[in-house]
Amino acid sequence: MDNFIPSKTEGVQDVNSAPILENPWTISKVITDFEKSVQRLVLSFGDIKKHVFKHWMKDMVENVKKGNKQYVELWDITEVANPINRGTTYIQMMMPSKDCAIVCMDLFANTGLNIGDEIGLYWDVGSNNFKFKLI
C-alpha cells in the first residue's frame with residue numbers, strides 16, 4: 001500500500017481563466033473604405049506590438065514580421081450570450097508599412113460591417129484568441 005500525501009493546492013489558479021478587465025477593448029477603430037473593400041482589419045504595428053505581440057511566443061511574432069500568415073481564432077462577442085467563432089482568420093504584415101492585417105472574410109461577409117462602424121478588439125490571454133465586438 002502506498003502512503004500518498006496530497007500536496008497543498010492553495011494559490012493554484014486556472015491557467016485557462018483570464019483576469020476580468022473592466023474595459024478589455026485595447027484596440028478600437030473605425031472601419032474604412034479600404035478595409036471593407038479588401039475584407040481586412042488594418043491595425044497599426046504599434047497597436048499590434050503593444051497589445052498582441054507581447055503575449056505571443058517569439059516564433060509567432062517572427063513569423064508575422066517575415067510577412068507570413070499567422071493563423072489565429074477570432075471570436076465575435078458582439079452578442080455576449082451568443083459568441084461566434086469567425087472561422088479561418090490570420091494576421092499578416094502589410095509591407096512596406098509594417099501595419100498588420102487581420103484577414104477574416106467571414107467577419108465582413110456575415111456581420112454586415114459597414115464603413116464608419118466602430119469596433120473593439122483585444123487579445124484574450126486566457127484563451128489565446130482575438131475577441132471582436134461591434135460597438
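The values are calculated or read from the model by the stated rules, or taken from the named source; none is laboratory data. All figures in this text were calculated on a predicted structure; none of them were measured in a lab. For neighbour counting, all protein chains shown are included, and Cβ atoms are generated from backbone atoms with ideal geometry for every residue, glycine included.
Here is how the numbers come out for the structure above:
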item: Set 120, 87: member being more than 19 Å from residue 60 (Cβ to Cβ), of a type outside the set (Ser, Thr, Tyr) and out of contact with any Ser or Thr (no Cβ under 9 Å at 6 or more places or on another chain); result: 87
item: Residues of the stretch 27-37 satisfying the condition of being surrounded by 15 or more Cβ atoms within 10 Å (Cβ to Cβ) and either of a type in the set (D, E, K, R) or part of a helix (DSSP H, G or I) (or both); result: 29, 35, 36
item: Hits in the stretch 38-77 (condition: among the polar types (S, T, N, Q) and at pLDDT 95 or above); result: 44, 63, 68, 70
item: Flag if residue 47 is out of contact with any strand residue (DSSP E or B) (no Cβ under 8 Å at 6 or more places or on another chain) and not aromatic (Phe, Trp, Tyr); result: no
item: Subset tally (residues that are in contact with an Asp or Glu (Cβ under 8 Å, 6 or more places away or on another chain) and hydrophobic (A, V, I, L, M, F, W, C)) for the stretch 114-135; result: 5
item: Every residue from the stretch 107-135 that is part of a strand (DSSP E or B) and small (Gly, Ala, Ser); result: 120
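Residue by residue, here is whether (1) among the acidic types (Asp, Glu); (2) out of contact with any Pro (no Cβ under 8 Å at 6 or more places or on another chain) holds:
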{"site": "32", "(1), (2)": "no, yes"}
{"site": "52", "(1), (2)": "no, yes"}
{"site": "59", "(1), (2)": "yes, yes"}
{"site": "64", "(1), (2)": "no, yes"}
{"site": "73", "(1), (2)": "yes, yes"}
{"site": "76", "(1), (2)": "yes, no"}
{"site": "109", "(1), (2)": "no, yes"}
{"site": "119", "(1), (2)": "no, yes"}
{"site": "122", "(1), (2)": "no, no"}
